[in-house]
Every structure is written in structure tokens, then in C-alpha cells.
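Colleague: My questions all concern the structure below.
The values are calculated or read from the model by the stated rules, or taken from the named source; none is laboratory data. Predicted model only: the values in this text are computed from it and were never measured. Please note: Cβ atoms are built from the backbone with ideal geometry, for glycine as well, and neighbour counts cover all protein chains shown. SASA here: full protein model, heavy atoms, side chains in, ligands and nucleic acids out. Shrake-Rupley method; radii C 1.70, N 1.55, O 1.52, S 1.80 Å.
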Amino acid sequence: MSPTAPAPNEIHRERLHQLAAFLRESEQILDDFDAWREEHSDLDGWPLDDDEHSRHAVKRDADTWRSFNRVRSFAKDLLATAEVQVQQLNPAHLQSRWPWQLGVLDDALTQLGALQQQWLEARAALAPTDRPGSFAYDDALAERNEEAWSYLDDWATHGKALLEIQAAAQGHPPRPPALASATTRVRPAVPAVAPSAPARR
């Protein structure tokens, strides 16, 4: 007998585990970079060695992209599931910032997809001799990672909302269907826009 395929809920939970791993890794990558930068900057915060600072920034960007690749292929599915969960949750158990955060994550994912497509086109246009390790290849790749970093940081900053929504969906029953009665009391809708989250370091 062939093994039983995992249920959708099991797949979603496993994907959330992968997201949680990215959140931990991205935080460590940024902490390591910030610690190095603080140690190698002057009193005004300017790097003591611009070339060395650039190399560390390139590594930070590349490591963050590599870590996010564990979730990039199914990130859209994570967002779609979270959006359904938010709609089904009792409004009393919603955080008003969640819809805004889902919007930030969706926009960041769109931008990352566009940057990946641009990179694939740039790579295809390279000369056959331009392989990994050559200046042309590595420079084009570093450019993609640099432009992607702020969107990756959006996921590192707001991706936790997906875990929070899952926890709320598991811990609270969905709201009952709306009744057609004119006497039904309707709770105020959750605001679509939440105040900006505190800036990440």
C-alpha cells in the first residue's frame, strides 16, 4: 500500500514550522550583522572600512534570501490560508493589525517574485563563461539580494502574524454565520489598516 498523503492541515502546520525557522534564522543573521557593524564603526556610526562593510552586507543579504527560499515557494499559500482564517475568526479574537500585516507580506512577496524574474533574465543574458564565482555573475546576484533585502525584512518582521493567526484559529471557534434577521446585532468591522509596527533594528 502506498503511504497516505498528508492532510492539508498537516501540510500547513509543516509550512508554518518552516516559516518559524526562517524567522529565527533571519533574526540571527541580522543580529550578527548588527554586532559586527557596531564593532567596526566609528562613534558616528560610519563603517571604518567601506569595502569590508559592503562584503558583510552582501553576505547578510545572501544569507537572508537563502533562508527565505525554504518558504518562498509556498508563501502565497500561507497568506491565502491566513486570510481565510481571519475571515472565519470571531471578531473578538482578531488583532486589528493582522489584515494590514497580511497586506505588507503580500506586497513584499510580489516584489520578491519580480526581482527573482529579473535575476533569471539577467542570468540568461550573461556570457557562457560567466559562472558562479565570476564578477558578472556574482555582481548581478548581489544586486538582486540587495534590492530584495527590505522585502525579506518585511517577512522577517511581520511573518510572525501568520503564526499568531494560526494560533488564534486553533484556539478559538469560528464566528457563527450572519443571520438575515433585521434585529441581528452586527459588531463593528475590524479596521483594514493598523498603525505601523515599530521599526526593526
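Colleague: For residue 29, what charge total do you get from the other residues with a beta carbon under 11 Å from its beta carbon, if Lys and Arg give +1 and Asp and Glu give -1?
Modeller: Numbers: positive: 24, 59, 60, 66; negative: 25, 27, 31, 32, 34, 61, 63, 153.
Here the charged neighbours net out to -4.
Colleague: Suppose each label sits 7 Å from its Cα in the direction of the beta carbon; what would the residue 116-residue 84 distance come out to in nanometres?
Modeller: My value for the distance between the label points is 2.2 nm.
Colleague: Using the Cα gyration tensor of segment 36-117, with a ≥ b ≥ c the square roots of its eigenvalues, what is the shape: rounded (a/c below 1.5), prolate (a/b larger than b/c) or oblate (neither)? If you can, show how the numbers build up before the last one.
Modeller: Working: a/c = 3.80, a/b = 2.03, b/c = 1.87.
Prolate is the answer for segment 36-117, as a/c is 1.5 or above and a/b outweighs b/c.
Colleague: In what sequence, highest mean first, do 121-131, 150-160, 79-89, 49-59 appear when ranked by Cβ atoms within 10 angstrom?
Modeller: Details: 121-131: 10.8, 150-160: 19.7, 79-89: 16.7, 49-59: 13.6.
The packing order, highest mean first, is 150-160, 79-89, 49-59, 121-131.
Colleague: To the nearest 20 Debye, how big is the dipole of segment 1-129 about its Cα centre, given +1 on the beta carbon of each Lys and Arg and -1 on that of each Asp and Glu?
Modeller: Details: 13 positive and 22 negative charges, 187 e Å.
I would put it at about 900 debye.
Colleague: Express the accessible area of segment 51-101 per residue in Å², computed with a 1.4 Å probe while the remaining protein chains stay in the model.
Modeller: Values: 2590 Å² over 51 residues.
Averaged over the residues of segment 51-101, the accessible area is 51 Å².
Colleague: At 7 Å along Cα-to-Cβ for each site, give me the label-to-label distance between residue 134 and residue 167 in nm.
Modeller: The two pseudo-label positions are separated by 4.9 nm.
Colleague: Relative contact order for segment 35-119: what is it in percent, counting Cα pairs under 8 Å that are at least 6 residues apart?
Modeller: Details: 20 pairs, mean separation 15.6, N = 85.
Relative contact order here is 18 percent.
Colleague: Given the Cα-Cα distance of residue 66 and residue 44 and 0.36 nm per residue of separation, how much length would full extension add, in nm?
Modeller: Numbers: separation 22, 0.36 × 22 = 7.92 nm, distance 3.17 nm.
Value of the extension gain: 4.8 nm.
Colleague: Please report the carbon-and-sulfur percent of the accessible area for segment 1-64; probe 1.4 Å, protein heavy atoms only, DNA, RNA and ligands left out. Walk me through the numbers before you get to the answer.
Modeller: On the way: 2390 of 4610 Å².
Accessible surface attributable to carbon and sulfur in segment 1-64 totals 52 percent.
Colleague: Counting only protein chains, not ligands or nucleic acids, how are 25, 164, 10 ordered by accessible area (probe 1.4 Å), most first?
Modeller: Details: 25 75, 164 50, 10 95 Å².
From most accessible down to least: 10, 25, 164.
Colleague: Amide H to amide H under 5 Å from residue 41: which residues, 5+ apart in sequence or cross-chain, H placed 1.01 Å off N in plane?
Modeller: 48
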